[in-house]
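The structure appears below as structure tokens.
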Amino acid sequence: MNLAIFASGTGSNFDAIMTAIEDGKLEANVSLLVSDRIDAGVIEKAQRRQIDTVVFNPKSFANKEAFEKALLKDCKDRGVEWIILAGYMRLIGSTLLMAYEHRILNIHPSLLPAFPGKDAIGQAYDKQVKLTGVTVHYVDDGMDTGPIIDQEAVRIHEQDTKDDIKQKIQAVEHELYPRVIQSLTIKEESR
Ligand code: GRF
């Protein structure tokens with residue numbers, strides 16, 4: 001399974017996926033890291049692991065279609081089969097959705113359909129919910145609306161700060177995402 005990871009942030013999920021591959025828990029290879037932010041911490045993490053990195057500035061393209069066409073070529077040139085969003089802060093447009101139908105995954109730090117969009121952890125904290133969690137889903141043209149593949153719950157205790165919740169959520173993400181990707185690999189091989 002040949003993966004491209006798209007990320008805009010620090011890249012702890014990128015690292016977790018790479019570690020799962022190195023530990024033999026995930027049978028895949030990552031042939032490309034795409035980031036839309038020049039200052040994203042994930043870029044250094046990818047370079048340290050000698051993963052091909054494409055960093056683009058969306059503003060230097062006419063529109064989403066234009067930069068997605070370029071990204072599509074970057075993916076196709078490397079034989080990418082699945083696109084894994086890991087903190088990529090943009091909606092995917094029709095160019096990539098059509099080329100990678102049912103082959104784009106996202107991880108979201110809440111139990112969808114609760115708290116879609118930005119700052120899901122802050123939203124859960126502000127609502128004082130007692131249970132939140134992590135969702136891995138297929139990507140469609142909506143904001144965190146695609147079919148859900150797997151979820152795991154995280155309990156919020158009275159004394160938990162937003163940072164405590166984030167840490168618990170991330171620990172779950174780092175275990176859940178590689179596991180879900182691996183399960184899709186197995187499904188694909190048995191087809
Ligand atoms: C994760 O919490 C993920 O659920 C969300 O963005 C965050 C990315 O974190 N979509 P990181 O850059 O992988 O550390």
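Here the contact order of the chain, divided by its residue count and restricted to Cα pairs under 8 Å and six or more residues apart, works out to 21 percent.
Using the count of nearby Cβ atoms within 10 Å as a rough guide to exposure, how do Ile51, Ile84 rank from fewest to most?
Ile51, Ile84
The modelled label-to-label distance for the pair Thr10/Ile186, using points 7 Å beyond Cα in the direction of Cβ, is 3.1 nm.
Of the chymotrypsin sites (Phe, Trp or Tyr not before Pro) found in the range 1-73, not one falls in a DSSP loop while having at most 13 other beta-carbon atoms within 10 Å.
Applying the criteria of a DSSP loop state and at most 16 other Cβ atoms within 10 Å to the GluC sites (Glu not before Pro) of the range 88-191 yields Glu101, Glu158.
The numbers here are math on the coordinates, done by the rules we state, and not lab data. Given the structure is predicted, the values throughout are model-derived calculations rather than measurements. Here the Cβ is made from the backbone with ideal geometry for all residues, glycine too, and neighbour counts use every protein chain on show.
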